[in-house]
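Here's the structure, in structure tokens; my notes come after.
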Amino acid sequence: MSFPAHYLETLEFPKIRALLARETSFSASHDLALALEPSTFLTEIRHAQDATEEARRLIELRPGWAPRGAHDVRPLAHRAALGGVLQPDQLLEVASTLGAARATHNLLNRPEFSLPTLTAYAELIANQGTLERDIRQTMNDDGQILDSASGRLSAIRIQLRTAHDRLVRRLNELMARASIREALQEPILTQRAGRYVIPVKSDFRGRVPGIVHDQSASGATMFIEPLAVVDLANEWRRLGLEEEHEIERILRDLSAQVGAEADLLSDAVHALARIDLALAKGKLAQEMRASRPVLMPSNSAVSNWDFSPRPAPPLPAGEGWGEGETTSHPTLRLNQARHPLLHGDVVPIDVELGAAFDVLLISGPNTGGKTVALKTIGLLPIMAQAGLQIPAASDSKVPIYSGVYADIGDEQSIEQSLSTFSAHIARIIDILAIADEDSLVLLDEVGAGTDPQEGSALGHALLLHLARAGISTIATTHSSDLKVFAASTHRVQNASVEFDIESLRPTHRLIIGLPGQSNALTIAERLGMDRTLINEARQFLTPADREAHALLNQVQAQLADARVDRAEAASRRAEADQKAGALTAELASIERQRQLVLEGAEEEAARVLSELQTEADALRRELRTLRTRQRQPAPIEKRLSELAAVQAGRRAVRTEGTYTFQAGDVVEVGPLASTGEVRAVSEDGQTAEVEVRGMRVHVPIAQLRPGQARHLRDSDERTWNRITEQAMARTSPGQIEAEIDLRGLTSEEARQRLEQHLSDAVLTGVGTLRVIHGKGTGVLRETVREILAHHPLVRSHRTAEARDGGDGATLADLAV
């Protein structure tokens with residue numbers, strides 16, 4: 001077995017299983033979760049990771065969905081296959097499971113979901129609709145057999161009800177007799193041993209001939225079945241037995257159907273359990289804010305398809321293990337990794353193993369987080385190989401380890417009379433016997449628990465052996481000798497957990513390439529130990545130790561400063577990105593408004609011409625009518641001449657370029673009722689780029705009027721005046737209201753109505769416009785205020801006073 005249970009327990013994987021089991025929805029998937037094991041097969045792991053990823057997508061598409069109503073009915077199906085008769089509640093469990101299987105199959109086969117792995121599971125569910133339908137048509141949700149279950153049962157129950165009514169009616173008649181009524185303890189019917197009886201006073205026993213079925217505890221009441229109803233009761237009882245036999249036959253037939261489809265039922269339960277387990281993995285991944293790791297195949301994952309462990313390769317002879325030699329086992333890279341069982345403000349760690357070095361030695365003070373880092377690094381690959389997503393960044397890479405072996409914590413065994421040191425050595429011997437180049441070995445406080453010099457020497461030899469064998473190893477230590485060994489040995493690297501001396505609290509940051517300090521003397525001093533003792537203790541340190549201690553302090557201070565500088569640079573970069581995004585959004589908004597203004601201006605001109613044409617057509621029709629009646633048409637002909645001149649002038653403006661504008665000219669933009677400055681004129685002289693209130697718009701030349709008429713002919717100016725008069729007549733103050741009601745409109749309908757009304761209101765001189773949008777969900781209110789905030793004809797806007805509608809209306813001050 002590649003992952004012995006003891007090592008999984010050491011790394012707390014059973015707790016992950018328990019968390020996963022809590023997310024399942026029925027017993028079969030619950031059992032799968034508790035039995036979950038990491039795999040060493042690459043294809044199997046990828047398949048499980050695919051299922052988890054698809055489950056997360058399904059949870060997003062259908063929040064709260066699960067194969068509800070499913071039960072593990074495999075034992076019931078097995079019993080039915082052996083000839084057992086299932087009870088109604090058990091048959092209902094079968095029907096409920098079949099219903100859940102049918103609904104799951106239909107859901108996962110919907111083409112818009114595209115969940116191939118989960119759909120493949122669902123394909124194991126065969127269509128057993130006939131069995132489900134037969135069960136549902138036989139009994140109700142309370143397990144009561146329906147009259148319609150069989151024709152014979154229906155006939156028996158009709159006879160049974162008739163016999164029951166006849167029996168009860170006869171008993172009531174007897175109790176109504178005066179001679180018997182006096183003998184009754186109370187005038188009620190009751191049952192004893194399935195027979196109807198009446199309560200008779202013991203002293204009046206002789207008045208009611210019949211069969212005594214019971215008596216009260218005091219003996220004062222006898223429960224008698226009168227002889228006059230015995231035959232009726234017998235008939236009722238006989239029919240009741242026939243009903244029971246028919247129900248038993250029906251249940252036997254249904255059970256036989258279940259037994260005949262036992263294998264299909266078993267397949268359906270297994271498929272539902274796998275789907276529900278994948279959903280549980282998806283839910284757990286969401287809770288842990290986990291992501292799918294990149295799987296890195298190893299030699300064993302690709303070519304070695306059995307689970308039997310391989311021993312570590314023998315030690316190379318001598319010390320000639322040179323710098324040029326390399327190993328080919330996979331690389332572990334965890335970015336922003338967090339222990340899945342820790343909650344609150346957890347500091348993530350970054351770690352890499354297998355690329356530049358195979359052995360990582362972590363040092364630092366007690367309670368600094370060395371053991372937590374060790375467990376995190378060991379647990380996450382196990383989770384990944386079990387098909388679980390891991391609490392780390394999505395670019396994390398996890399090898400397919402043949403085994404993860406850990407010696408962590410106090411392994412003292414009283415039963416085996418082993419000390420802590422002996423227990424550690426026993427565990428290390430076991431690890432060395434089964435670990436190979438595709439294994440991950442985790443050693444906590446290597447060489448501890450015995451004489452420091454001997455423990456350091458043993459740790460030195462052990463780590464050197466693991467490094468030579470190319471076995472990925474992470475160990476923790478306090479030994480200075482081992483830190484020196486890591487700094488000077490090929491494929492071995494130092495690391496440290498950071499500790500804040502000022503606050504005496506760990507930061508839990510893992511720093512690769514820098515050995516840690518135990519800081520025992522500094523911590524003792526901070527905690528209040530006599531300074532004389534501290535200084536004397538420092539005198540016992542070697543000069544090299546004191547120099548190394550000072551150097552490490554300096555390096556860590558520089559690292560802290562660099563971290564602050566990086567954080568400040570990242571903050572400034574984020575602020576710059578935010579400002580750049582805001583400017584981009586603002587430019588896009590200005591461009592949208594420019595397009596809206598241009599489109600509005602073109603539409604306004606088209607409307608004016610259209611209305612002039614309509615009026616001209618109407619006048620021509622009236623003129624023809626008047627001529628027919630021989631009336632004087634002079635006033636109408638005069639008006640037609642004016643309209644023709646306007647239209648001719650308008651067309652001339654459009655087609656002949658009557659106005660000759662140049663860059664720098666001050667102009668009035670008709671549709672906007674605003675003054676602007678010409679910035680450029682198109683080569684064909686048909687359009688101009690005009691700056692209006694800081695915004696540049698492209699406007700047809702025909703819609704511009706010179707602010708200084710140096711190039712404008714008098715006839716052209718009169719033509720423009722007539723056009724403006726026609727537009728003003730169309731939007732006179734009497735026709736344009738100072739408020740608009742947009743309630744009940746969609747956002748797009750409200751936008752069109754409001755923008756049109758703003759243009760008309762400005763042309764007619766409306767100073768303040770009241771826009772009624774209502775309160776509702778607030779969507780229409782936000783749309784209105786967004787339009788008013790960016791519209792060039794609106795100076796400002798504000799929420800209406802309470803008397804004017806409060807938050808249900810907005811007042812806009814217009815640019816008139």
Quiz prompt | Rounded accessible area of H245 (nearest 10 Å², 1.4 Å probe) | solution = 120
Self-check item: Cβ-defined net charge surrounding L334, 9 Å radius [Lys, Arg +1; Asp, Glu -1]
Solution: 0
Quiz item: Ignoring ligands and nucleic acids, what accessible area does S291 show with a 1.4 Å probe (Å², nearest 10)?
Solution: 20
Practice problem: Using the Cα centre as the reference, give the magnitude of the dipole from point charges on the C-beta atoms of the range 171-226 (Lys, Arg: +1; Asp, Glu: -1; all else neutral), rounded to the nearest 20 debye. | Solution: 60
Quiz item: Between A103 and E603, what is the spin-label point distance in nm, taking each point 7 Å from the Cα along the Cα→C-beta axis?
Solution: 4.9
Exercise. Could you tell me what percent of the accessible area of the range 240-285 is made up of carbon and sulfur, with a 1.4 Å probe and every protein chain present?
Key: 50
Practice problem: Provide the packing ranking of 139-149, 28-38, i.e. peptides ordered by the mean count of other C-beta atoms within 10 Å per residue, highest first. | Solution: 28-38, 139-149
Quiz item: Considering only the other residues whose Cβ falls under 15 Å of the Cβ of V200, what net charge follows from Lys and Arg at +1 and Asp and Glu at -1?
Solution: +2
Quiz item: ³J(HN,Hα) across the range 185-193 via Karplus (A = 6.51, B = -1.76, C = 1.60, θ = phi - 60°), whole Hz, x for Gly/Pro?
Solution: 5, 7, x, 10, 9, 8, 10, 9, 6
Quiz item: So for the pair A789, R22, with labels modelled 7 Å out along Cα→Cβ, what separation do we get in nm?
Solution: 4.2
Quiz prompt | Dipole of the range 430-498 [Lys/Arg +1, Asp/Glu -1 at C-beta], most positive-end residue of F485, V497, L463 | solution = F485
Quiz item: Once fully extended, how much extra length lies between Q257 and D89, figured as 0.36 nm per residue of separation less the alpha-carbon to alpha-carbon distance?
Solution: 58.9 nm
Self-check item: Heavy-atom accessible area ranking, 1.4 Å probe, most first, across R207, R573, R170
Solution: R573, R207, R170
Self-check item: Sequence-distant residues sharing a close amide H with S674 (under 5 Å, placed H)
Solution: V669
Self-check item: the range 181-283, relative contact order in percent, only Cα pairs under 8 angstrom and at least six apart counted
Solution: 16
Quiz item: Which of the residue pairs K370/K483; K375/K397; K15/K397; K281/K370 have a Cα-Cα distance greater than 20 Å in the structure shown?
Solution: K15/K397; K281/K370
Self-check item: Amide H within-cut-off set for Q389, under 5 Å, with H built and near neighbours excluded
Solution: none
Quiz item: Given a 1.4 Å probe and every protein chain left where it sits, what share in percent of the accessible area of the range 124-197 is carbon and sulfur?
Solution: 46
Quiz item: Where does each of 354-361, 591-598, 371-378 land if you order them by average Cβ count within 10 Å, highest first?
Solution: 371-378, 354-361, 591-598
Quiz item: Ordering T687, T477 from largest to smallest accessible area (1.4 angstrom probe), what's the sequence?
Solution: T687, T477
Quiz item: How much accessible area does V85 have with a 1.4 Å probe, in Å² rounded to the nearest 10?
Solution: 50
Self-check item: Charge dipole magnitude, Cβ of K and R +1, D and E -1 - the range 41-145, Cα centre, debye nearest 20
Solution: 80
Quiz item: Put K397, K15 in order of accessible area, largest first, 1.4 Å probe: what do you get?
Solution: K15, K397
Quiz item: Toward the positive end of the charge dipole of the range 161-272, about the Cα centre and with charges on Cβ (Lys, Arg +1; Asp, Glu -1), which of N172, T162, L265 goes farthest?
Solution: N172
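The values are calculated or read from the model by the stated rules, or taken from the named source; none is laboratory data. Because the structure is a prediction, the values reported are computed rather than measured. Positions of Cβ are backbone-derived with ideal geometry, glycine not excepted, and every protein chain shown enters the neighbour counts. With ligands, DNA and RNA removed, areas are computed over all heavy atoms of the protein, side chains included. Shrake-Rupley method; radii C 1.70, N 1.55, O 1.52, S 1.80 Å.
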